[in-house]
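Below is the structure I would like to discuss, written out as structure tokens.
The values are calculated or read from the model by the stated rules, or taken from the named source; none is laboratory data. This structure is a prediction, so every number in the text was calculated from the model and none was measured. Heads up: the accessible areas ignore ligands, DNA and RNA and are worked out on the full protein's heavy atoms, side chains in. Shrake-Rupley method; radii C 1.70, N 1.55, O 1.52, S 1.80 Å.
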Amino acid sequence: VQLQASGGGLVQAGGSLRLSCAASGINFGLNVMNWHRQAPGKERELVATISRDSNTNYADSVKGRFAISRDNTRRLVYLQMNSLKPEDTAVYYCHTRNWGRNYWGKGTQVTVSS
């Protein structure tokens, strides 16, 4: 199983970024896909989840600003991040569970300047 996240970068507060995660080695259409983030000195936190039926859930801190989506044909999951704030600065990780095991991508850095 491989998860490859991309799309991070440096953006000013109020700006937008779209993260992508390419998955291989899993039956992608059946997997719940998640985005987590970890800021310096803080624990990793769940940001957004999308089910196989594209039902979504979000952390309270990003509701109304972030949107998770998936393209089962292309085996991609996206995180559209709008109205970014400095506190959104973190490394963002794509995650899934497959046959009871956790799989993580390498992460992509998002830095929001004030």
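Short version: ³J(HN,Hα) in whole Hz for each residue of region 29-36, in order, from phi by Karplus 6.51 cos²θ - 1.76 cosθ + 1.60 (θ = phi - 60°), x for Gly and Pro, what are they?
Once rounded to whole Hz, the list reads x, 9, 9, 6, 10, 10, 10, 10.
Could I ask something else about it? May I ask for the distance between the Cα centers of region 84-101 and region 33-80, given as a whole number of Å?
Using only Cα atoms, the two centres lie 7 Å from each other.
Let me ask something else about it. Rounded to the nearest whole Å², what accessible area per residue is found for the chain with the 1.4 Å probe?
55
For the chain, what number results from the quotient of the Cα radius of gyration and 2.2 N^0.38 Å?
Here the Cα radius of gyration is 1.00 times the empirical estimate.
At a 1.4 Å probe, what is the % contribution of carbon and sulfur to the accessible area of the chain?
45
Through the Karplus equation 6.51 cos²θ - 1.76 cosθ + 1.60, θ set to phi - 60°, convert the phi angles of region 58-74 into ³J(HN,Hα) values in whole Hz; use x for Gly and Pro.
Working through the residues one at a time gives 9, 5, 4, 5, 10, 4, x, 10, 10, 9, 9, 8, 9, 10, 5, 5, 8 Hz.
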